Amino acid sequence: MEQNWDEQMTAIEMLELELIVRGFVTILNDGSDLDIHAFLADDVTYKPSSRQTVTGRSAVVAMISEIRSTFSDWHSEVVSMAVVGPVVLAELAMLLTLPSKEPQWVMSFASFRVDSFRIAAWHQIHA
């Protein structure tokens, strides 16, 4: 779904992009690495900080798996979403629990660029 930024998207097109990201967040919560593959482009990039970029579907899924193994619980809830062209902006509340620790809520803001109905770029910051 290559988008021209000058071209107005229909409400249905924007909803499709939002639903892709909502589905991705649901799969992240469910913990299925195999299902995550369907949401990510082959050459997806994930940028968790200004100094780090993870490139490629397999590398991003491996990073997600590694993060999951760090926490005894990792759960994200969508607070709000907005769609601008091919980009979905998401405010997330994340419940993170380290082993032997109390759960902590962390706010997060993410942007997802969707291309051909798959996430092609994912940037996320946490507070």
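List of remarks:
- Residue in segment 105-116 that is within 15 Å of the chain's Cα centre (by Cα), at negative phi, free of Cβ contacts under 8 Å to residues at least 12 places away in the same chain and open to solvent by less than 80 Å² (accessible area, probe 1.4 Å) present: no
- Restricting segment 79-104 to residues that are within 30 Å of Met9 (Cβ to Cβ), among the β-branched types (Val, Ile, Thr) and over 12 Å from the mean Cα position of the chain (by Cα), the residue that is least open to solvent (accessible area, probe 1.4 Å) is Val83.
- Enumeration of residues in segment 29-47 that are of a type outside the set (Asp, Glu) and either touching an Asp or Glu at 6+ places or on another chain (Cβ under 7 Å) or assigned to a strand (DSSP E or B) (or both): Leu40, Ala41, Val44, Thr45, Tyr46, Lys47
- Ser76 meets each of the listed conditions (1) hydroxyl-bearing (Ser, Thr, Tyr); (2) more than 13 Å from the chain's Cα centre (by Cα); (3) surrounded by 17 or more Cβ atoms within 10 Å (Cβ to Cβ) apart from (2).
- Residues satisfying the criterion are present in segment 33-52 (criterion: surrounded by fewer than 17 Cβ atoms within 10 Å (Cβ to Cβ), at pLDDT 95 or above and in contact with a helix residue (DSSP H, G or I) (Cβ under 9 Å, 6 or more places away or on another chain)).
The values are calculated or read from the model by the stated rules, or taken from the named source; none is laboratory data. These numbers were taken from a predicted model, which means no experiment stands behind them. Note: ideal-geometry Cβ built from the backbone for every residue, glycine included; neighbour counts use all protein chains shown. Quick note on the areas: whole protein, heavy atoms, side chains included, nothing else; ligands and nucleic acids left out. Shrake-Rupley method; radii C 1.70, N 1.55, O 1.52, S 1.80 Å.
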